Amino acid sequence: MTPMPAAAPWRPALARGVVLRHDPVRGADLLLLPERVVVLEGGAGGVLRLCDGVRDVPAVVAELAVRHPGAPVATEVPAFLHRLRKEGWLR
């Protein structure tokens, strides 16, 4: 019996039709969706800028851990990304 191949690691990227923009008037990052705008809080925009379809989730977490030592990125970032994937905003 041939073993099942391991699943490829998820390399998050914005879903088709989703655009990340910075609004200088609000001083906030926005997700522009079809017929909807989501105002991102805190470092959410910085996290999403790392979701380029090249880095997998551990690589995103590792980069953020370097940028923000001591922050709970190892637990918070994967959960955040999975929530956005569930919403259909990440592929």
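Below are the figures for this structure:
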read-out: Check: the chain dipole with +1 on Lys, Arg Cβ and -1 on Asp, Glu Cβ, in debye; value: 180 debye
read-out: Most mobile of 25, 47, 38 in a GNM of the chain (Cα contacts under 10 Å); value: 25
read-out: Rough spin-label spacing in nm, given labels placed 7 Å along Cα→Cβ, for residue 79 and residue 13; value: 2.9 nm
read-out: Scattering curve values for the chain, log₁₀ I(q)/I(0), Debye with Cα scatterers, q = 0.15, 0.17, 0.18, 0.24 Å⁻¹; value: -0.60, -0.75, -0.82, -1.29
read-out: In degrees, nearest ten, helix 73-87 long axis to first principal axis of the chain (Cα); value: 80 degrees
read-out: Neighbour-limited loop hits for GluC sites (Glu not before Pro), region 10-91 (at most 12 other Cβ within 10 Å; DSSP other than H, G, I, E, B); value: 35, 41
read-out: Angle between the chain longest axis and helix 57-67 axis [Cα atoms, degrees, rounded to 10]; value: 50 degrees
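Where a number appears in this text, it was derived from the coordinates with a stated rule and is not lab data. As the structure is a prediction and not an experimental result, all values here were calculated from the model. Here the Cβ is made from the backbone with ideal geometry for all residues, glycine too, and neighbour counts use every protein chain on show.
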